[in-house]
Every structure is written in C-alpha cells, then in structure tokens.
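Below: the structure, in structure tokens.
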Amino acid sequence: MPEILVEPARRLAGALEGKTARVGVIGLGYVGLPLLLEFDRAGYPVLGFDIDREKVARLQRGESYIAHIPATRIRGALEAGRFDATADFARLAEADAILICVPTPLTPQREPDLSYIEKTADAVAARLRPGQLVVLESTTYPGTTQEVVQPRLEATGLKVEEDFFLAFSPEREDPGNPQYSTRTIPKVVGGAGPQSAHLAESLYRGALDRVVRVSSTRAAEAVKILENTYRAVNIALVNELKVTFEPMGIDIWEVIEAAKTKPFGFAPFYPGPGLGGHCIPIDPFYLTWKAREYGLSTRFIELAGEINTGMPGHVVRRVASALNEDGKCLRGARILVLGVAYKRDVDDMRESPAVEIIELLQNAGAQVDYHDPHVPHLPAMRRHQIKLNSVPLDARLSAYDAALVVTDHTGVDYAAVGEAVPLVVDTRNAYGRGRPPRARVVKA
Ligand SMILES: NC(=O)c1ccc[n+]([C@@H]2O[C@H](COP(=O)([O-])OP(=O)(O)OC[C@H]3O[C@@H](n4cnc5c(N)ncnc54)[C@H](O)[C@@H]3O)[C@@H](O)[C@H]2O)c1
C-alpha cells in the first residue's frame, strides 16, 4: 500500500478488505445488474438503485429481465440475504461504494447527452457522506468524472481525496459472450487522486480477477473510447472493403478467413449490415465532441461513422438488385428479415440496423416480416414506429421472394429457410458455413 491514507479512506479500505463495505450500483441495466451480482457473489452486501420501479419490483420477486442472466441467479442472491434493490435514493447513504452505470446516449444533434450522469451525480450529492467512494462506469468523454461529477459532489462542501473518493472505471460487458464474464474481464481503474485510485482498485480486486490501474480518471475514460473507436474504425474498414470487393467478385469473408491465419499483426473484424448497440455507434462521438473544445477534429471517427451508417442503404440496394436479377422488383416483394437484435444471441434492439433496413424496405414498397427468437415484438423506438411481431418459420416460408439475414442468431433453422425461399441475401455469412442451400445466396 504505497499511499498514506487519510482517515475516511483508511476506514473504507478496512471495510473493503473485510467485505463489510456495502456496494451500491445505480442503473440496473445490461451493465449494472451483472456488476451488482458479481459483488454479491464476492460476498459484499449490495444494494441496487434504479428509477425504473418495474425493474426493482422484478428483482425483489426474484425475476430477471435480461435474457442472459437467469432468474436463479437473482433468487440465489436474495436467499443469501446480502442483495437488495430499491428506487428509494435516500438509501444511497447506506452504500459505502457507489458505482454509476446509467445510460450515456447522444442527443438528436449527435452530441453527448450527459443528463443521466448529471441527475445521478446530483442524487449522490444529496446524500454524500465522508468515507464514500463514487465510481463512474458509464462510457463518456475524457474529463467527465472530474469536470461534471466532481464539482457536483464538492458543492456539498465535502472535498475529493479528503472526505470522499472518486474514480472512473469503464465497463467492458459483452452481452451474450459465453467466454468472458464480468468477473473475468480485466477492469481498468483511474482515480481522481492516489487515495481514490487505491480504494477503487481494492474494491474491484475484491470481486474481479484482474484490475489494471491507470494514472488518472481521464486516462481510464480514454481507454474505453480507444477500445470502441478501434472497433468502429476496423468494422468500417472491412465494410468498405466488402463494398469494394463485391463488383470484383471477391468474397470478403473468404479473404478475412485466410488473412487471420497470419499469426501476428492482424486482428479479424467482420462486415455487417451496420453498427448497433449502445456503444460502438455512439461512444466515439463523445470524443469527437470533446475534441472540438481543443480545436481538433476526429477524422477517423467521422469517416467510420459515415461508412457504417451507409450500410443499411447498401444492404437494401443489394436486395433490390438481387430481386431484379430474378425478374422481380422490390415494390410488392415479400421479404423475411432474419434477426433484428443488434447482435447475435441477444434481445437488445438498441440502435439495431435492422430497424432502418426494415423501414427502407417498407418505404420502397416491400412487404416485410421478420423472425427473431429473442425479439417477439418490435418495440416502439425513439425514431421509428414499426409495428411487427416475429413470425414463425413454418410452411408459409415458401411465400417469400427473399430472406435477408441481418443478425445471425444461433438456433435459427437457416437450412429450412434456404430450402423454402428462392433468394437469400446474407449480411453475416450465415450461409457460408454449412451445406449450400437450394436458394441463390447473395452476400451483402
Ligand atoms: N450494454 C453494454 O454492452 C455496455 C458495454 C460497455 C459499456 N456500456 C455503458 O454502460 C452504461 C450503461 O449502459 P447499459 O447498457 O447498462 O444501459 P441500460 O439502458 O441497459 O441500463 C441503464 C439503467 O439505468 C437506469 N437509469 C436511467 N436513469 C437513471 C437514474 N437517473 N438513476 C438510476 N437509474 C437510472 C435505467 O432505468 C436502466 O435500468 C452506458 O454508459 C453504456 O455506454 C454498456
């Protein structure tokens, strides 16, 4: 322990060590709920907070609302007696460590919407007491923790590093990935000062396999932006190469498979129908906004955004030209979209390119149905109003002019679809793996 700790920090360090410190998590979504359960599993008393009373009620009944978190996990935590959830923010005073996992979307003008973080910071400030550690986990631009959260907490008269402690630790959740869990994914941590860094590191060490400490909250915030920008840019690169190779008769999937046999200097990324989810399409633009303050432009991010947002249009043009080759036109064509969640084997529709694709197809006059075992109804979304229910894969399959694979969930009977429809447009190489179907397959 290199740092000499002030008294409130020493007390908290002791409670963290003995696992008597109560860990509060604010925002019990895809990130917050698994994190809360991880601290519960590690033996800490935990208390979850959410403004959504329905989520709180479901947790208290021992139910789960996230597909990959089984209800038995919640019930087990309730039975062990250390787990509680509430919508009563007065109870923040009970928590020794408070982890903030609220949404960080973009405004309609594509600027950071920090309103959730601001509201949460104000709620924490209203009950802040000496000896509490506050960690922001929501993805955001470098500077947020100490420029947005810290002043709100210090407005109470308490001082960071003396009375309370503040850190940033980016979430690296990969929903639906069975290989890694919240516990096994290394956790990056940066503190507002050495006391905060030390406490945040001990907190996560108590529950997770590996903690990676960086020098500041800004560096920790930048780590997450780098990771997501790296993905956005590399996905854009393969999407651009896909479009470039198409008229040359080169299959990008075959090229990537061969390229990834190179044992160094190459990491495979795969093309698709456009970016989805809460992170990759959004987070890099947090940096773009912040960079403007320094008179800088983030050209890679802008270009990647441009290429990736052009993908739904590209896919729809491929569907139209493939139908045309069969002597059909898009207007009036019956099209079955396979998979609408933003990625394989999740039920999350946020920013899913499927929504735009369906809308573009409908606007062109196509009759669109979809099948997704994880999304029984297309929910109303901020910018889209599509009212569809998932259709079963049954005898009616043969009525479709084409199937369009947008998301390649496992467990979907692609072979049956490929036998029943005359044309498949495949954005995920779902038909590149098994026996070729009767349908003509066009990659897009
Ligand atoms: N989902 C992912 O895979 C992922 C991965 C890495 C990072 N992140 C980041 O983590 C953060 C949270 O994302 P998520 O996917 O868990 O979002 P989510 O929408 O699943 O969950 C957010 C939760 O916060 C609650 N909430 C909203 N405002 C609140 C408030 N003022 N007080 C208390 N609760 C409030 C919502 O009701 C919801 O339950 C975001 O910054 C996101 O960018 C997400």
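Computed values, structure above
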| read-out | value |
| --- | --- |
| Candidates Leu158, Leu166, filtered to the one that is more than 21 Å from the chain's Cα centre (by Cα) and open to solvent by less than 10 Å² (accessible area, probe 1.4 Å) | Leu166 |
| Filter pass, Ala402 being within 21 Å of Leu330 (Cβ to Cβ), in contact with a strand residue (DSSP E or B) (Cβ under 8 Å, 6 or more places away or on another chain) and small (Gly, Ala, Ser) | yes |
| The range 101-126: number of residues that are near the ligand (Cβ under 9 Å from one of its atoms), of a type in the set (Val, Ile, Thr) and closer than 15 Å to Thr288 by Cα | 1 |
| Selected residue [out of contact with any helix residue (DSSP H, G or I) (no Cβ under 6 Å at 6 or more places or on another chain), free of Cβ contacts under 8 Å to residues at least 24 places away in the same chain and on the phi < 0 side of the Ramachandran plot] from Ala354, Ala416, Ala341 | Ala416 |
| Residue in the range 266-321 that is surrounded by the most Cβ atoms within 10 Å (Cβ to Cβ), counting only those that are in contact (Cβ under 8 Å) with a residue 60 or more places away in the chain and among the aromatic types (Phe, Trp, Tyr) | Tyr286 |
| Positions within the range 198-218 being without any contact (Cβ under 8 Å) to a residue 60 or more places away in the chain and of a type in the set (A, V, I, L, M, F, W, C), in sequence order | Val211, Val212, Val214 |
| Some residue of the range 255-265 being open to solvent by less than 10 Å² (accessible area, probe 1.4 Å), assigned to a helix (DSSP H, G or I) and β-branched (Val, Ile, Thr) | yes |
| Residues within the range 358-388 that are within 16 Å of the ligand (Cβ to nearest atom) and open to solvent by less than 20 Å² (accessible area, probe 1.4 Å), tallied | 1 |
| Unique residue being in contact with a strand residue (DSSP E or B) (Cβ under 8 Å, 6 or more places away or on another chain) and open to solvent by less than 20 Å² (accessible area, probe 1.4 Å) when the list is Val355, Val391, Val424, Val441 | Val424 |
| Members of the range 85-99 found to be in contact with a Leu (Cβ under 9 Å, 6 or more places away or on another chain), in a helix (DSSP H, G or I) and either within 12 Å of the ligand (Cβ to nearest atom) or not hydrophobic (A, V, I, L, M, F, W, C) (or both), listed by number | Arg91, Leu92, Glu94 |
| Members of the range 1-44 that are assigned to a loop (DSSP other than H, G, I, E, B) and within 16 Å of the ligand (Cβ to nearest atom) | Gly27, Leu28, Gly29, Tyr30, Val31 |
| Residues of the range 1-21 satisfying the condition of being open to solvent by less than 50 Å² (accessible area, probe 1.4 Å) and among the charged types (D, E, K, R) | Glu3 |
| Selection from the range 68-84 of residues that are within 16 Å of the ligand (Cβ to nearest atom), outside any helix (DSSP H, G or I), free of Cβ contacts under 8 Å to residues at least 60 places away in the same chain and closer than 21 Å to Pro178 by Cα | Ile69 |
| Test: residue in the range 186-193 that is surrounded by fewer than 19 Cβ atoms within 10 Å (Cβ to Cβ) and closer than 30 Å to Ala341 by Cα | yes |
| Residue within the range 45-67 that is of a type in the set (Ser, Thr, Tyr), in a helix (DSSP H, G or I) and open to solvent by 40 Å² or more (accessible area, probe 1.4 Å) present | no |
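The values are calculated or read from the model by the stated rules, or taken from the named source; none is laboratory data. What you see is a predicted model; the values in this text were computed from it and never measured. A quick note on method: Cβ atoms are made from the backbone with ideal geometry, for glycine too, and the neighbour counts reach across all protein chains shown. Heavy atoms of the whole protein, side chains included, go into the accessibility calculation; ligands, DNA and RNA do not. Shrake-Rupley method; radii C 1.70, N 1.55, O 1.52, S 1.80 Å.
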